[in-house]
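Below is one structure, written out as structure tokens, with a few remarks after it.
The values are calculated or read from the model by the stated rules, or taken from the named source; none is laboratory data. Please read these numbers as outputs of a predicted model, since none were measured by experiment. Cβ placement follows ideal geometry from the backbone for every residue including glycine, while neighbour counts extend to all protein chains displayed. Ligands, DNA and RNA are stripped out before the accessible areas are found, and what is left, the full protein with its side chains, is counted by its heavy atoms. Shrake-Rupley method; radii C 1.70, N 1.55, O 1.52, S 1.80 Å.
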Amino acid sequence: MAAVLRGSRNLWGRSLKHVDFTLVSSRSMASKTQVGFIGLGNMGKPMAKNLLKHGYPVIATDIFPESCKELQELGAQIVDNPAEVADQADRVVTMLPSSPNVIEVYTGPNGILKKVKKGSLLIDSSTIDPAVSKEMAVAAEKMGAVFMDAPVSGGVGAASSGKLTFMVGGVEEEFTAAQELLTCMGANVVYCGAVGTGQAAKICNNMLLAIGMIGTSETMNLGIRLGLDPKLLAKILNMSSGRCWSSDTYNPVPGVMEGVPSGNNYQGGFGTQLMAKDLGLAQTTATNTKTPVPLGSLAHQIYRMMCARGYSGKDFSSVFQFLREDEENEGQ
Ligand code: NAD
């Protein structure tokens with residue numbers, strides 16, 4: 001098997017010369033051995049819980065000790081830093097806020113790559129710059145390990161119910177090994193191509209999501225101003241051509257839907273700051289590829305403005321509240 005892999009493996013048009021595929025294949029075939037998890041926030045914690053539910057022993061860490069408590073009570077081993085995780089597990093999943101956190105966790109003084117075992121599989125599910133994913137893959141390869149990007153779509157609800165969509169970039173031959181773990185946490189696991197392409201798919205999705213959420217918010221607000229009942233308007237949109245995920249699954253207007261952040265003062269969910277970050281990534285990649293993204297650019301400005309006005313920690317659907325607030329300020 002190792003020989004077959006060695007012959008066919010080609011990452012970014014070159015072979016993985018530092019990776020010992022005998023070790024890789026033995027790890028891939030190991031079934032329920034310990035899995036490392038780094039970053040136990042809104043998304044990471046429920047994802048790690050699903051690995052536990054599927055019978056995988058989990059070894060985890062987070063810089064915020066409070067976030068480790070629940071997982072520890074459920075039987076996970078908690079250690080002090082990413083290097084210790086990598087020292088004990090040869091499959092590690094990371095779920096961190098942004099590119100600098102990923103760089104720190106992989107290449108920092110107590111980072112994964114300080115103690116990574118040869119042949120390890122490192123899966124990063126954070127949404128970050130595809131260029132950073134490529135850098136991490138090169139750094140991992142130098143240590144004899146394999147890095148894949150596998151960002152997710154679906155939010156905290158989908159993370160809890162194990163229904164995330166994973167967009168995976170990296171060596172195709174490693175996809176099956178990654179899939180074994182990712183299917184414990186997601187309903188869809190899609191191979192996108194070389195490392196970084198998972199991030200590319202995710203960034204495109206989130207740019208559209210932000211545009212859709214702003215569009216839904218301003219539409220709902222206009223309808224309310226025109227005297228329509230918000231629940232009735234949502235019902236009509238959802239049976240008409242204006243329907244979208246933001247209108248039928250994650251409506252931003254308080255009281256229209258149960259179990260979404262708009263019904264809970266925009267707590268939990270997907271933070272405005274994270275959305276602003278993703279829109280920034282979309283802008284960078286659009287600039288680098290000279291792609292016109294006028295609505296993506298406007299959405300980025302709106303979400304940055306929200307961050308400056310105290311919305312950073314609220315769910316991104318709070319753009320509805322932001323538009324109303326703006327409107328009230330103008331009326332004064
Ligand atoms: P979060 O901020 O809730 O969690 C991130 C966790 O990483 C925190 O617990 C933090 O303490 C930890 N962390 C940061 N630096 C660390 C370090 N050096 N070592 C160890 N732990 C560290 O973020 P989240 O909402 O869970 O999102 C994680 C990623 O998933 C982001 O990239 C986000 O864009 C993406 N995402 C989030 C959602 C969502 O709905 N929240 C949906 C899809 C994708």
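Within segment 109-133, work out how many residues are small (Gly, Ala, Ser), at negative phi, more than 7 Å from the ligand (Cβ to nearest atom) and not in a helix (DSSP H, G or I). Walk me through how you get there before you give the answer.
So in segment 109-133, the residues small (Gly, Ala, Ser) come out as 111, 119-120, 125-126, 131, 133.
Checking the rest, the ones that are also at negative phi come to 111, 120, 125-126, 131, 133.
Subsequent filtering for residues that are more than 7 Å from the ligand (Cβ to nearest atom) retains 111, 120, 131, 133.
Filter again for not in a helix (DSSP H, G or I), leaving 111, 120.
So the count comes out to 2.
ILE59 - would you say it is more than 11 Å from the ligand (Cβ to nearest atom), of a type in the set (A, V, I, L, M, F, W, C) and farther than 15 Å from SER125 by Cβ?
Spelling it out, ILE59 is indeed more than 11 Å from the ligand (Cβ to nearest atom), of a type in the set (A, V, I, L, M, F, W, C) and farther than 15 Å from SER125 by Cβ.
Inspect segment 248-260 for any residue being within 18 Å of the chain's Cα centre (by Cα) and either in a helix (DSSP H, G or I) or surrounded by 14 or more Cβ atoms within 10 Å (Cβ to Cβ) (or both) and give the result as yes or no.
yes
I'd like the residue in segment 276-298 that is within 14 Å of the ligand (Cβ to nearest atom) and of a type outside the set (Lys, Arg) and, out of all such residues, is surrounded by the fewest Cβ atoms within 10 Å (Cβ to Cβ).
Of everything passing the filter in segment 276-298, GLY280 is surrounded by the fewest Cβ atoms within 10 Å (Cβ to Cβ).
Out of curiosity, is THR61 at negative phi, open to solvent by 40 Å² or more (accessible area, probe 1.4 Å) and modelled with pLDDT of 95 or more?
no
I need the full set of residues from segment 82-98 which are surrounded by 19 or more Cβ atoms within 10 Å (Cβ to Cβ), in contact (Cβ under 8 Å) with a residue 40 or more places away in the chain and more than 7 Å from the ligand (Cβ to nearest atom), in order please.
Correct list: VAL85, ALA86, ALA89, ASP90, ARG91, VAL92, VAL93, THR94.
Conditions first: (1) open to solvent by less than 40 Å² (accessible area, probe 1.4 Å); (2) touching a residue at least 24 places away in the same chain (Cβ under 8 Å). ALA234 passes all but one, so which condition is the exception?
(2)
Restricting the search to segment 182-208, which residues are under 18 Å from HIS300 (Cα atoms) and crowded, with 23+ Cβ neighbours inside 10 Å?
Listed by number, the residues that qualify are GLN199, LYS202, ILE203, ASN206, MET207.
Where residues in segment 210-230 are surrounded by fewer than 24 Cβ atoms within 10 Å (Cβ to Cβ) and in contact with a Cys (Cβ under 9 Å, 6 or more places away or on another chain), which of them is farthest from LYS32 (Cα to Cα)?
Ranking the candidates gives GLY215 first.
Looking for whichever is within 14 Å of the ligand (Cβ to nearest atom), open to solvent by 40 Å² or more (accessible area, probe 1.4 Å) and part of a helix (DSSP H, G or I) here; the options are GLN301, GLN267, GLN273. Which one fits?
GLN273
Could you list, in sequence order, the residues of segment 57-85 that are hydrophobic (A, V, I, L, M, F, W, C) and under 21 Å from the mean Cα position of the chain (by Cα)?
Passing the criteria: VAL58, ILE59, ALA60, ILE63, PHE64, CYS68, LEU71, VAL85.
Restricting segment 148-198 to residues that are assigned to a strand (DSSP E or B) and more than 16 Å from the ligand (Cβ to nearest atom), which is farthest from ASP129 (Cα to Cα)?
So the residue we want is TYR191.
Output the qualifying pairs, or none if there are none: Cβ atoms under 8 angstrom, residues six or more apart or on different chains, first residue in segment 41-63 and outside the structural domain of GLY313 (by TED's automatic domain parsing) and assigned to a helix (DSSP H, G or I), second residue of a type in the set (Asp, Glu) and near the ligand (Cβ under 8 Å from one of its atoms).
If the second residue must be of a type in the set (Asp, Glu) and near the ligand (Cβ under 8 Å from one of its atoms), the pairs left are GLY44/ASP62.
For segment 30-46, does any single residue satisfy the condition of being at pLDDT below 95, within 14 Å of the ligand (Cβ to nearest atom) and open to solvent by 70 Å² or more (accessible area, probe 1.4 Å)?
yes
Going by the structure shown, is ILE78 in contact with a strand residue (DSSP E or B) (Cβ under 8 Å, 6 or more places away or on another chain) and of a type outside the set (Asp, Glu)?
The answer is yes for ILE78.
Among the numbered conditions (1) part of a helix (DSSP H, G or I); (2) under 18 Å from the mean Cα position of the chain (by Cα), tell me where GLY223 comes up short.
Failing condition for GLY223: (2).
Counting only residues that are open to solvent by 30 Å² or more (accessible area, probe 1.4 Å) and either in contact (Cβ under 8 Å) with a residue 40 or more places away in the chain or not assigned by TED's automatic domain parsing to the domain that holds LEU122 (or both), how many does segment 99-108 have?
1
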